[in-house]
Structures are given as structure tokens and as C-alpha cells.
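Participant: Provided herewith is a single structure, encoded as C-alpha cells, for subsequent inquiry.
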Amino acid sequence: MNYTPNSDYISNTDYTGSQSYYDSNQNYSTGAQSPQSYRPRTEEDPGKVLGIVSLVATLSTFLGFNFIGPIVGIITGHMARKNSRGAGFADNEMGKWGFILGIIFVSLAALGGLLGLSIAGAAGLAGLLGA
């Protein structure tokens, strides 16, 4: 196989006998390199994380946190929406749904508790009256 070196590279033999190649057209300056230009970071919604926390906390109702999860969801949902609006962003959707579902789940838990107490009271009263 006949090998012909690239004409852009020149063979250089140093005193140790090893051979190296360098590009004669390349500028080897020893100064500091100019920093790379990066795209500016877009401003992020300050209520984004709180909105996610709100929705996850509210949906933790299905994991057994029937009362504390929705309360946390209501509080963090309100904070997320307030932070988003204060920074000039559109309404925080996850925060809004965490807030709304939190109110619904707390209302259902309170209604279920009242219903359970009324049924227990009616059954106790019926037992006392001998019916």
C-alpha cells in the first residue's frame, strides 16, 4: 500500500527520533482563549416547582393522605399562582388544578366525615330507643 502524506501537514523529526505532524496553517497562540458565547437563559416561572408540588400533594389523596395532602396542595397551589402572577407569567396551570382539586378533596373528606358521624349518631340513637 502506497501512503502519501497530506500536503497540509509537514513531517517534523525531533532530537529523539520520533516523528510528529503539525499543521503549518494553525496559529498556536499562548494567550487565554476567548470564552464561548452561550445563549442567554430564558427566565423560568418562579411558581413552577410549587405548582408541581401542589398537584402531587393533592393527588396523594389516592395514596391515603386524605386530609393532609389536599391541605398542602391548597396552600402550595395558592403560593404557586401568586408567584407566577407576581413575576408576570400566565396563570400556573398545575398550581390552579392542585388548588381546585385540593378544595374538592377536602370538601369531600369533610362531607364524608359528617355523613359518617350522622349515620353513627342515627344508629346509636336507634339502639338506645330499641328500634
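Participant: Tell me yes or no: at least one residue of region 63-85 is touching a Phe, Trp or Tyr at 6+ places or on another chain (Cβ under 8 Å) and touching a residue at least 40 places away in the same chain (Cβ under 8 Å).
Facilitator: Yes; the residues of region 63-85 include at least one that is touching a Phe, Trp or Tyr at 6+ places or on another chain (Cβ under 8 Å) and touching a residue at least 40 places away in the same chain (Cβ under 8 Å).
Participant: Report yes if some residue within region 107-121 is touching a helix residue (DSSP H, G or I) at 6+ places or on another chain (Cβ under 8 Å) and more than 29 Å from GLU44 (Cα to Cα); otherwise report no.
Facilitator: yes
Participant: Something else: Could you give every pair whose Cβ atoms fall below 7 Å, whose first residue belongs to region 100-111 and is under 21 Å from ARG81 (Cα atoms), and whose second residue is among the hydroxyl-bearing types (Ser, Thr, Tyr), counting only separations of at least 6 or pairs across chains?
Facilitator: From residues that are under 21 Å from ARG81 (Cα atoms), the pairs are LEU101/THR58; GLY102/THR58; PHE105/THR58; PHE105/THR61.
Participant: Could I ask something else about it? Mind checking whether some residue in region 44-57 is at pLDDT 60 or above and among the acidic types (Asp, Glu)?
Facilitator: So far as region 44-57 goes, yes, one or more of its residues are at pLDDT 60 or above and among the acidic types (Asp, Glu).
The values are calculated or read from the model by the stated rules, or taken from the named source; none is laboratory data. Since we're looking at a predicted model, the values are computed, not measured. Cβ coordinates were reconstructed from backbone atoms using ideal geometry, including for glycine residues, and neighbour counts include every protein chain displayed.
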